[in-house]
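A short write-up of the structure that comes next.
The values are calculated or read from the model by the stated rules, or taken from the named source; none is laboratory data. Nothing here was measured: the structure is a model prediction, and the numbers come from that model. Positions of Cβ are backbone-derived with ideal geometry, glycine not excepted, and every protein chain shown enters the neighbour counts.
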């Protein structure tokens with residue numbers, strides 16, 4: 001990947017994410033069109049975007065621009081997270097003054113991630129760590145996490161579908177459909193399973209995608225745990241055990257990420 005493309009995507013992305021986050025936080029009643037539950041999540045997500053995702057995006061981009069293979073994989077994971085998050089902003093937040101900003105972030109994240117995939121889809125695995133245990137652990141972890149979330153979401157969706165009822169999560173958020181269900185069931189969970197299968201088969205794409213997906217999982221776990229805290233502070237009772245569970249999953253993902261990157265050659269050939 002041409003190193004010049006990394007700042008070309010990152011600088012406008014970071015600026016737009018910061019602008020959207022600050023606007024959402026400092027503008028009185030910015031999410032007033034949403035239900036209390038969705039408003040609290042919008043505020044919480046803005047805080048996470050500002051104080052977690054933007055620093056990760058910038059630091060990983062700087063590492064990648066300097067030639068770090070690990071930095072590039074972190075950067076791709078941050079882009080995948082932004083695709084996920086800003087798809088929700090675009091489709092599940094009432095139309096507001098930031099709509100075009102949301103679209104720009106979604107588009108830049110998508111095409112930045114696509115450029116990453118095209119550049120390194122054929123990256124050989126000869127210089128990647130070869131330890132069988134970390135690879136298999138990572139594969140089964142990704143597959144298991146996907147399976148658990150499939151069970152969780154389907155346990156809510158299937159009974160509601162069969163009973164022709166609206167799931168409780170939709171009643172609380174006031175949405176037509178749950179964007180998390182849509183993205184997870186259609187894109188993210190199949191992606192985790194596919195990455196796990198490719199890892200088990202020792203395919204180059206699997207070895208490359210595993211750190212990306214683990215980075216995404218870490219960021220998403222921290223997000224879910226943090227949103228529970230924010231929602232509680234807005235008077236919406238949530239299970240604190242979920243924050244603990246998400247913290248544990250983030251920790252496991254971080255250990256697996258370290259194991260997968262341990263011994264990795266420091267630089268990546270340009271694609």
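Could you tell me whether residue 227 is more than 19 Å from residue 113 (Cβ to Cβ), under 15 Å from the mean Cα position of the chain (by Cα), crowded, with 21+ Cβ neighbours inside 10 Å and touching a residue at least 12 places away in the same chain (Cβ under 8 Å)?
On the way: more than 19 Å from residue 113 (Cβ to Cβ): yes; under 15 Å from the mean Cα position of the chain (by Cα): yes; crowded, with 21+ Cβ neighbours inside 10 Å: yes; touching a residue at least 12 places away in the same chain (Cβ under 8 Å): yes.
Yes: the conditions hold for residue 227.
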Exercise. Which residue, of 73, 82, is crowded, with 20+ Cβ neighbours inside 10 Å, over 24 Å from residue 175 (Cβ atoms) and either out of contact with any strand residue (DSSP E or B) (no Cβ under 7 Å at 6 or more places or on another chain) or touching a residue at least 24 places away in the same chain (Cβ under 8 Å) (or both)?
Worked result: 73
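Residues checked against (1) modelled with pLDDT under 95; (2) surrounded by 15 or more Cβ atoms within 10 Å (Cβ to Cβ); (3) in a helix (DSSP H, G or I):
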{"site": "11", "(1), (2), (3)": "no, no, yes"}
{"site": "44", "(1), (2), (3)": "no, yes, yes"}
{"site": "48", "(1), (2), (3)": "no, yes, yes"}
{"site": "52", "(1), (2), (3)": "no, yes, yes"}
{"site": "60", "(1), (2), (3)": "no, yes, yes"}
{"site": "67", "(1), (2), (3)": "yes, no, no"}
{"site": "89", "(1), (2), (3)": "no, yes, yes"}
{"site": "97", "(1), (2), (3)": "no, no, no"}
Exercise. Give me the pairs: first residue in the range 133-146 and on the phi < 0 side of the Ramachandran plot and in contact (Cβ under 8 Å) with a residue 60 or more places away in the chain, second residue surrounded by fewer than 21 Cβ atoms within 10 Å (Cβ to Cβ) and in a helix (DSSP H, G or I), beta-carbon distance under 6 Å, and six or more apart or on different chains, which are they?
Worked result: 134/259; 139/200
For this session: For the range 220-235, indicate whether the set of residues that are in contact with a helix residue (DSSP H, G or I) (Cβ under 7 Å, 6 or more places away or on another chain), in a loop (DSSP other than H, G, I, E, B) and more than 18 Å from residue 82 (Cα to Cα) is non-empty.
Result: yes
Exercise. Restricting the search to the range 47-70, which residues are free of Cβ contacts under 8 Å to residues at least 60 places away in the same chain and within 16 Å of residue 4 (Cα to Cα)?
Worked result: 57, 58, 59, 60, 61, 62, 63, 66
Exercise. For the range 255-271, what are the residues that are touching a helix residue (DSSP H, G or I) at 6+ places or on another chain (Cβ under 6 Å) and at pLDDT 85 or above?
Worked result: 256, 257, 259, 260, 261
Exercise. Among the residues of the range 22-31, is there at least one that is assigned to a helix (DSSP H, G or I) and closer than 30 Å to residue 120 by Cα?
Worked result: no
